[in-house]
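The values are calculated or read from the model by the stated rules, or taken from the named source; none is laboratory data. Quick caveat: nothing in here was measured; it's all calculated off a predicted structure. As a convention, Cβ positions derive from the backbone with ideal geometry for all residues, glycine included, and neighbour counts pool all protein chains shown. For the accessible areas, the whole protein counts, side chains as well, though only heavy atoms, and no ligand, DNA or RNA atoms are used. Shrake-Rupley method; radii C 1.70, N 1.55, O 1.52, S 1.80 Å.
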Amino acid sequence: MNSRYLRYELLRTVRNRRFFFLSLGFPLALYFLIAESAKSVHRLAGTGLSAPTYFMVGLISFGTMGAMLSCGVRIAAERAVGWNRQLRISPLTTRAYFRAKLITAYLMAILSIAALYAAGLSLGVSMPLHDWVQMTLLILVCLVPFAALGIVMGHMLMPESIGPAMGGSVALFAFLGGSWFPLSSHGVLNDVGQLLPSYWLVQSAHVSLGAHPMGTKGWIVIAVWTAVLVVLARSAYRRDTGRV
Amino acid sequence: MTAIEASGLRKSYGDVHAVRGIDISIAAGETVALLGPNGAGKSTTIDMLLGLADPDSGEVSVFGGPPTAAVDAGFVGAMLQTGALIRDLSVRELVSMVASLYPSPLPVDEALELTGMSALADHRTQKLSGGETQRVRFAVAIVANPKLLVLDEPTVAMDVEGRRSFWATMRSLASEGRTILFATHYLEEADAYADRAILMAHGRIVADGPTNEIKAKVGTRTIRATLPDADLDALRLLPGVSSAERRGEAIALSCADSDAAIRALLAEHSQARDIEIVAAGLEQAFLELTGDGAHSEPSAVPPAEAVT
Ligand SMILES: Nc1ncnc2c1ncn2[C@@H]1O[C@H](COP(=O)(O)OP(=O)(O)O)[C@@H](O)[C@H]1O
Ligand SMILES: [Mg+2]
């Protein structure tokens, strides 16, 4: 791995202050706004989770989906100035290019998770250490399809259109996946929700109930979304060699 | 050894035939200008030579292999026509980021020095002027320490001083045995800095040879003057003049050698007034060369070619 290339990628992300602080701060502020008042709800209807735990993971799903898709925003911005073509006439491999993008996206996601964990702790969220660890790992796995989606969007959209596209996708995935409020356990909305990776992202919170939140269905949904989006990402990248 | 070998290249975008079957062979160490008016197909050709576009038909090889292999080996440095810089890095950081991708790059400081960017090395890329951005893009191309350097209209956003130092650096890079291919629509640039020029118009190569020969072909200038009583047949016999016309009181002399022609004209007709010497725009020269008047589109004469 070319570590110098990666290091500058990370440096650029952190230096984009407005992006950096907004993408970390926004979910955090929303969390306090929503969960503070519901601090004493120990069993949120339909979930079995305390309100601070539920909303913590809800906002983590919101914040981390945004972090993963914002990888696409950076790709679109690079393409718009022709940097993508400049990189293609260098020996940088496709693999190293995507690895740098993925690591950057995941680092933003991890920072967002850490910030919300800290906020959750301050509102009384508690669970055994191994539950924290298991939950974190599940969240990171459920984010894989979003990384691929970010890459697809980054190579197909221009900077003007990717903002709304990204905001819209995150809102839709969050709404249908149950980030904002618990989905009822039956009905169309729940059936649709279960087909989305965001649903399983939110379900990872149920680790603290001693359950196996993913189940076979969850793994299949994540695997299928990942496979399809990776194929799309590859072809979007391959086709995207022209002047824009 | 050949640096670039292309045969039968064609590329269309929908019903725009950008490149219509061209053959190019460039030996290692040559400095070649790809000369042609806007829309001639220069950038499309360069995209195919660099592996950024797949030709619809035809073959390209760079240093004996496919362009992508030469690119992956780090043999190629390029400055594309369109493009800016990614933001949130200093000039030095950006050039260093690119250098890290190549197997044997130039030292970053040397690339900055050669492009005159040392003083601005710590500036953020998004704060640079257009001309400075072009210099950094040049630094990005040369830090690769490439065997083949490809530049697509590199001097467009540069001021006079920028151009001068740019070409000085190019000269020294060429003298190190690198192969250089640059696209331009300025005949003067091709003439001054290339050993050889390939002329393109409407997707075809219309001439390919030493720059002085090309210049003789397209470098016609026209002398216009007010000269009421001149005899056209006598004017045609003046040294350097190839044809003469009259429009009312004014005459127009097409000249292969306008320097000789103007001296002779003034020696014989010192009363000539309102004298103007104009270089034919490349577009016009190409249309004459290709005998392809049907395609004449209005196109601005590049300022560097208008001599008055
Ligand atoms: N991506 C594209 N889509 C459609 N037409 C294009 C595209 N790229 C270039 N062209 C057209 O192809 C022709 C050649 O363009 P180009 O290679 O850029 O010429 P030059 O670099 O000599 O100015 C022009 O008519 C241009 O409009
Ligand atoms: Mg061009």
Of everything in region B:135-165, what is more than 16 Å from ligand 1 (Cβ to nearest atom), open to solvent by less than 40 Å² (accessible area, probe 1.4 Å) and at pLDDT 95 or above? Give them in sequence order. B:V136, B:R137, B:F138, B:A139, B:V140, B:A141, B:I142, B:V143, B:A144, B:P146, B:L148, B:L149
So A:H206 fits all but one of (1) in a helix (DSSP H, G or I); (2) out of contact with any Lys or Arg (no Cβ under 8 Å at 6 or more places or on another chain); (3) over 18 Å from A:T136 (Cα atoms); what number is the exception? (3)
In the set B:S165, B:S243, which member is under 25 Å from B:I277 (Cα atoms) and either over 14 Å from the mean Cα position of the chain (by Cα) or in the same structural domain as B:D23 (by TED's automatic domain parsing) (or both)? B:S243
Which pairs turn up if I take residues in region B:30-54 that are hydroxyl-bearing (S, T, Y) and look for partners that are open to solvent by 10 Å² or more (accessible area, probe 1.4 Å) and near ligand 2 (Cβ under 9 Å from one of its atoms) with beta carbon separation below 6 Å, at least 6 apart in sequence or on another chain? B:S43/B:Q81
In region B:1-25, what residues are away from chain A (no Cβ under 14 Å), within 16 Å of ligand 1 (Cβ to nearest atom) and outside any strand (DSSP E or B)? B:D15
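Yes or no: region B:228-240 includes at least one residue that is assigned to a strand (DSSP E or B) and surrounded by 18 or more Cβ atoms within 10 Å (Cβ to Cβ).
Scanning region B:228-240, I find no residue that is assigned to a strand (DSSP E or B) and surrounded by 18 or more Cβ atoms within 10 Å (Cβ to Cβ), so the answer is no.
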Among the residues of region B:65-76, how many are surrounded by fewer than 21 Cβ atoms within 10 Å (Cβ to Cβ), at the interface with another protein chain (Cβ under 8 Å from one of its Cβ atoms) and not in a loop (DSSP other than H, G, I, E, B)? 1
Going by the structure shown, is B:T44 away from ligand 2 (no atom under 16 Å from the Cβ), surrounded by 21 or more Cβ atoms within 10 Å (Cβ to Cβ) and more than 8 Å from every other protein chain (Cβ to nearest Cβ)? no
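Filtering region B:94-117 down to residues that are among the β-branched types (V, I, T) and within 14 Å of another protein chain (Cβ to nearest Cβ), which residue is surrounded by the most Cβ atoms within 10 Å (Cβ to Cβ)? Break it down stepwise before answering.
Taking region B:94-117 as the starting set, the residues that turn out to be among the β-branched types (V, I, T) are B:95, B:98, B:108, B:115.
Filter once more, so that each one left must be within 14 Å of another protein chain (Cβ to nearest Cβ): B:95, B:98, B:108.
Values: B:V95: 27, B:V98: 25, B:V108: 21.
The qualifying residue surrounded by the most Cβ atoms within 10 Å (Cβ to Cβ) is B:V95.
Take A:H155 and decide whether it is away from every other protein chain (no Cβ under 14 Å), of a type outside the set (D, E, K, R) and over 27 Å from A:L11 (Cβ atoms).
Numbers: away from every other protein chain (no Cβ under 14 Å): yes; of a type outside the set (D, E, K, R): yes; over 27 Å from A:L11 (Cβ atoms): no.
No, not satisfied.
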Residues that are assigned to a strand (DSSP E or B) and within 11 Å of ligand 1 (Cβ to nearest atom), drawn from region B:26-54: B:L34, B:L35
Among the residues of region B:128-162, which ones are charged (D, E, K, R) and farther than 17 Å from B:E113 by Cβ? B:K147, B:D152, B:E153, B:D159
